[in-house]
Structure formats: C-alpha cells, structure tokens
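K.L.:
The structure's right below; bear with me while I get my questions together.
The values are calculated or read from the model by the stated rules, or taken from the named source; none is laboratory data. In this text, all values refer to a predicted model and were calculated from it rather than measured experimentally. Here Cβ is always computed from backbone atoms with ideal geometry, including for glycine, and neighbour counts include all displayed protein chains. Surface accessibility is based on the protein's heavy atoms, side chains included, excluding ligands, DNA and RNA. Shrake-Rupley method; radii C 1.70, N 1.55, O 1.52, S 1.80 Å.
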Amino acid sequence: MTADIFDKTHETMTRAQMRELQRERLIKIVNYAYKNVKFYKDKFDAVKLKPKDIKDLSDITKIPFTVKSDLRDNYPYGLSAVPINDIVRVHASSGTSGKPTVVLYTQKDIDMWSECMARLIAATGVTSKDICQISFGYGLFTGALGLHQGMERLGVAVVPASSGNTERQVMLLKDLQVTVLVATPSYGMYIGEMIEKLGYDLKDFKLRIGLFGSEASTPEMHRELEKRLGILSTDNYGLSEIIGPGVSGECYLKCGMHINEDHFYPEILNKDTLEPIENEYGELVLTTLTKEGMPVLRYRTKDLTKLNFTPCECGRTTARMEKLRGRTDDMLIIRGVNVFPSQIESVLMPIEEIGGQYEIIVTREGALDSLEVRCEVADVTLLDNYKRLENLKDKISKSLKVILQLDARVKLVEPMSLKRYEGKTKRVVDLRDLSKI
Ligand code: DLL
C-alpha cells in the first residue's frame with residue numbers, strides 16, 4: 001500500500017526549512033495576537049514581555065501558557081482577533097460542566113483546516129475514488145465538519161450520516177458501498193458489533209480504511225477494529241481549542257501521528273515542572289502559527305505524548321507524536337498506584353473470550369480504593385459455565401496485575417449489556433468522591 005502526499009511542499013521539508021518557516025510564522029502570530037487580542041496583550045504586559053522579544057523558536061518558552069479556563073473566562077467572543085463579520089463559523093467543545101468553550105474561524109481558517117485534514121486523510125491511503133461515511137455527531141463538535149471538509153477537499157464522496165441509529169449506519173455502509181468510516185474508536189467498535197448482530201458477513205461491505213479519533217485508543221483496540229471491520233484502522237488527533245481534528249494523524253504505516261507542524265507548533269513539557277523535555281513523554285503544548293480568527297499561544301492540552309522528529313518511511317518529514325497515553329487528568333491514582341485506562345484496554349482487547357467494550361469502576365471501601373473492571377463475554381453461554389467463567393476471570397485479573405501491579409476485581413457481564421456511546425465513550429466511573437460523603 002502507498003498513499004499520495006497531499007502537500008509535498010509542507011509535508012516533506014527538511015528540518016531546517018521547517019524550523020525556519022515555524023520561526024517566521026511564530027514571530028508573525030505573536031505580533032498579531034498582541035495587537036488584536038486584549039487577553040494576550042495583558043498577559044504579555046503582566047510579565048513585561050514584548051513581541052519583539054520573540055526572535056527565535058526557543059524564545060517561545062517566555063510566552064505565558066493559555067489554559068482551558070482562559071477560553072471560558074473570555075466566553076464567548078473575548079479571544080477573537082477579528083470583528084464578528086469576519087467570523088464564518090463557531091464551534092464549541094463539549095464541556096462537562098458550565099459554559100462550553102467557544103472557538104471561532106474565519107474563511108481563511110476554514111480553508112487551512114480543510115487543507116490540514118486533507119493531508120492527514122490522504123496519508124491514510126484515502127483517495128478521491130473513496131466513499132466516506134462520517135459517523136461523528138454533526139453540530140458544535142468539530143469532528144464531523146472537520147473531517148467532512150477535508151474529505152471534500154480531497155474529492156471524496158461524503159455520506160454525512162452523523163452518529164446514532166446504529167442499525168441504519170450499517171445499512172448505509174452496506175448499501176452505499178462505503179469504503180471509509182469516520183467515527184470514535186468505541187463507536188466504530190459498536191458498528192462492528194452491530195454488523196455481527198445483524199448477521200452480515202464482511203464480504204457484504206466494501207470498507208477498507210477507518211479514521212478514528214477524538215478519544216484515546218490503544219493499538220490493541222485498533223487491531224480489534226481491523227478484525228471486526230476488515231479495514232486499516234488509523235488514529236487521528238486534535239482539539240477544538242486549537243482547530244478541531246487535523247492537528248495530527250497516522251499515515252498508512254501507523255508509526256506515530258504526523259503533526260501539521262507548519263500550522264501547529266508542538267512542545268513537550270515535563271508535566272510537573274513544565275520545563276521542555278526531549279524523547280520523553282510529557283504534556284503537549286500547542287501554538288497555532290497561522291490561525292486568524294482565534295490565535296492560541298502555548299495552549300496546555302493536558303494530553304500526554306512524545307515527539308519523534310525522524311523522517312517517516314512514507315516520505316513525510318513532519319514530526320510524529322506517539323499515540324496518546326492519556327490525559328494528565330485521566331490518570332487514576334488507586335492505592336497510590338498510577339493507572340491509565342489505556343493500560344487496562346491494552347490487556348483486555350487481545351483476550352478472545354471477551355468483547356470490545358469495558359467499564360472501569362473505582363470505589364472506596366473504608367480507607368481502601370477498589371478497582372473493578374467490567375467486561376462483556378463474547379459468548380453468552382460462558383455465563384452458565386461456572387468453571388470456565390472463573391478461569392477467565394482469573395486469567396484477566398492476572399494479566400491486569402502484571403501490567404498495573406494492582407489487584408482488580410473482574411466482573412464478566414452479558415454481551416451488549418454495557419452502555420454504548422455514539423460519541424466519546426465514558427469508560428471510567430470514579431465513585432470515590434461520592435463514597436466520602
Ligand atoms: O475531539 C477533536 C477531534 C475530533 C479529534 C475528531 C479527532 C477526531 P475536543 O472535543 O475538543 O476535540 O476534544 C479534544 O480529545 O485534548 C484529547 O484529550 C482527546 N482526543 C482527541 N483525539 C484523540 C486521539 C476533538 N486520537 C480532546 N487519541 C483532546 C486520544 C484524543 N485522545
């Protein structure tokens with residue numbers, strides 16, 4: 001398999017050329033943000049920083065961070081760098097509480113976003129001959145329209161199915177001979193389960209590539225998606241505050257997510273000291289280098305990853321970020337041990353006897369934290385066989401113990417009994433705060 005490079009100029013630059021372009025664009029965006037957004041002027045003035053102090057990429061560390069609450073505090077239009085008549089689109093991120101964080105785009109931003117998406121889509125092997133079903137929810141969420149625009153930019157036929165009504169999703173995939181699926185990995189898994197439940201054979205479908213993103217997923221989860229859907233399953237990453245999807249994505253070789261780093265400048269910082277680090281996992285901090293409507297300087301994503309600057313065998317030279325290990329705020333501390341949900345997922349996915357969905361429940365019994373992992377058995381008859389059930393539970397607990405260094409209670413439940421989500425899945429239920437009451 002190969003994949004066309006959509007923008008040879010920007011995706012195959014030498015490191016020196018890329019750094020020079022980033023330097024020029026950084027200087028420009030810093031001056032632009034300082035001049036047009038009061039929030040940035042105030043932040044710079046508070047630390048006595050002038051735009052002219054930013055001469056080189058390394059000077060970026062002088063710039064104060066931007067965090068999610070800055071967007072909320074300036075709700076809805078406070079961070080706009082242009083008058084409202086130049087804004088052509090408003091999106092918002094799905095906040096769990098309070099006001100959403102609103103993000104703004106000019107037409108130039110939409111064009112840049114579409115180009116960034118088209119690059120990442122082409123890198124997976126998708127071409128204008130493909131038919132793509134978008135099973136992200138359309139609306140304020142950036143996922144659906146972001147992928148939609150990129151697909152159209154590449155000349156792909158788009159089926160804007162949106163999420164929900166999973167039986168109908170399967171019908172559309174089959175009848176319209178869809179070749180590319182876009183969804184969250186967990187919804188992709190649900191669609192795969194529905195295909196099986198409806199008694200179809202993979203031969204009834206023409207699916208060949210999946211672009212999954214918007215939530216954490218392990219390589220094991222992608223292998224499961226490949227098996228269930230008969231596709232190449234790729235991961236792509238982004239966040240509303242920066243643009244939406246389109247920040248980075250895997251090429252068909254799946255060895256890290258290529259960052260559109262001529263538009264989004266990445267830094268990796270030690271998550272505690274916030275000092276720059278190399279070749280290590282840390283918090284990803286992003287700066288938009290070209291965004292016009294709402295430029296964002298040094299945004300703390302809270303996402304943990306690591307960068308690789310070596311050119312990829314696909315021909316692209318853009319920096320690659322490792323699949324996300326999780327967010328700094330996803331990490332559970334259970335009896336003093338750090339646990340990422342992704343570690344649990346990587347244990348569960350390869351186990352044949354269980355399905356692709358799971359739930360993690362953390363409670364506090366007395367002074368002690370307790371971890372329960374619920375998973376569905378693949379074959380319901382197993383629930384009637386006590387010995388096989390106990391053996392399977394034992395096998396899962398032992399594998400979890402090796403990875404987590406922690407005892408977990410395993411609960412096996414009926415197929416299709418755990419809650420399914422059509423967007424981002426909530427895998428963790430942490431009841432510890434409640435149990436303190
Ligand atoms: O989820 C943008 C997006 C849409 C990306 C569709 C990819 C595909 P938000 O709703 O603002 O934006 O959520 C952003 O989701 O900070 C990560 O924690 C998480 N996230 C996004 N993509 C991935 C991924 C969209 N591929 C937040 N792997 C980010 C792991 C991801 N986590």
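K.L.:
Between Leu202 and Asp42, what FRET efficiency follows from the Cβ-Cβ distance if R0 is 45 Å, with the result rounded to 0.05?
P.N.:
Approximately 0.20, to the nearest 0.05.
K.L.:
Need the full-extension length gain, Glu365 to Tyr252, defined as separation in residues times 0.36 nm minus the C-alpha distance. One decimal, nm.
P.N.:
Fully extending the segment from Glu365 to Tyr252 adds 36.0 nm.
K.L.:
Tally Lys/Arg at +1 and Asp/Glu at -1 over every other residue whose Cβ is under 12 Å from the Cβ of Arg335; what's the total?
P.N.:
That works out to -1.
K.L.:
Could you pull out the GluC sites (Glu not before Pro) across the range 266-359 that fall in loop regions by DSSP (anything but H, G, I, E, B) with no more than 13 other Cβ atoms inside 10 Å?
P.N.:
Glu278, Glu280, Glu313, Glu352
K.L.:
Please report, as a whole percent, how much of the solvent-accessible surface of the chain comes from carbon and sulfur atoms (probe radius 1.4 Å).
P.N.:
51
K.L.:
What does the charge add up to near Gly356, with Lys and Arg as +1, Asp and Glu as -1, over the other residues with Cβ less than 9 Å from its Cβ?
P.N.:
Here the count lands on -2.
K.L.:
Could you pull out which residues in the range 106-129 have an amide N less than 17 Å from a spot 7 Å beyond the Cα of Leu176, following the Cα-Cβ vector?
P.N.:
Correct set: 127-129.
K.L.:
Work out Dmax and Rg for the range 332-436 from the C-alpha atoms and quote the Rg first, both in angstrom.
P.N.:
Cα-based Rg and Dmax for the range 332-436 come out at 13.7, 39 Å.
K.L.:
Can I ask one more? Residues with amide H under 5 Å of Leu239's amide H, sequence separation 5 or more or different chain, H placed in the peptide plane at 1.01 Å from N; which?
P.N.:
Distant-sequence amide H within range of Leu239: Gly244, Val247.
K.L.:
Find, to one decimal place in angstroms, the Kirkwood hydrodynamic radius of the range 1-327, where the mean of 1/r is taken over every pair of different Cα atoms and then inverted.
P.N.:
20.2
K.L.:
Once amide H atoms are built 1.01 Å from N in the peptide plane, which residues 5 or more positions from Thr12, or in another chain, come under 5 Å H to H?
P.N.:
Amide H to amide H, under 5 Å and 5 or more residues apart or across chains, Thr12 pairs with Thr317.
K.L.:
Report, for the chain, the % of DSSP beta bridges that are antiparallel, rounded to 5.
P.N.:
Approximately 65 percent, going by the DSSP bridge assignments.
K.L.:
Ok, one more. Run the helix sum for the chain: -39,500 (n - 2.57) per DSSP H stretch of 4+ residues, divided by residue count, reported at 222 nm to the nearest 500 deg cm²/dmol.
P.N.:
Calculated from helices alone, the mean residue ellipticity at 222 nm is -9500 deg cm²/dmol.
K.L.:
Right, here's the next one. Would you list which lysines come within 19 Å of Lys411, measuring only between C-alpha atoms, while excluding same-chain residues fewer than 8 positions from it?
P.N.:
Excluding near neighbours in sequence, the set is Lys387, Lys393, Lys395, Lys398, Lys401, Lys419, Lys426.
K.L.:
With θ taken as phi - 60° and the coefficients 6.51, -1.76 and 1.60, list the Karplus ³J(HN,Hα) couplings across the range 270-286 in order, rounded to whole Hz; mark glycine and proline as x.
P.N.:
Listing the rounded values in order: 4, 5, 9, 8, 6, 8, x, 10, 10, 6, 9, 6, x, 7, 7, 10, 10 Hz.
K.L.:
Which percent of Cα-Cα pairs in the range 33-97 sits in each 5 Å bin, short to long?
P.N.:
Reading upward from the zero bin: 3, 13, 23, 22, 16, 13, 8, 1.
K.L.:
How far is helix 15-36 tilted off the main Cα axis of the chain, in degrees rounded to 10, range 0 to 90?
P.N.:
Value to nearest ten degrees: 70.
K.L.:
Sticking with this one: Determine ³J(HN,Hα), in whole Hz, for all residues of the range 234-249 in sequence, where each value follows from phi through the Karplus function 6.51 cos²θ - 1.76 cosθ + 1.60 and θ = phi - 60°; x replaces Gly and Pro.
P.N.:
Per residue, the Karplus-derived 3J(HN,Hα) values read 10, 10, 9, 10, x, 8, 3, 4, 8, 5, x, x, x, 6, 7, x Hz.
K.L.:
Per residue, how much accessible area does the chain have with a 1.4 Å probe, in Å²?
P.N.:
Heavy-atom accessible area per residue stands at 44 Å².
K.L.:
Could you give the length gained on full extension between Tyr138 and Arg19, defined as 0.36 nm per residue of separation minus the Cα-Cα distance, in nm?
P.N.:
Using 0.36 nm per residue and subtracting the Cα-Cα distance, I get 39.2 nm.
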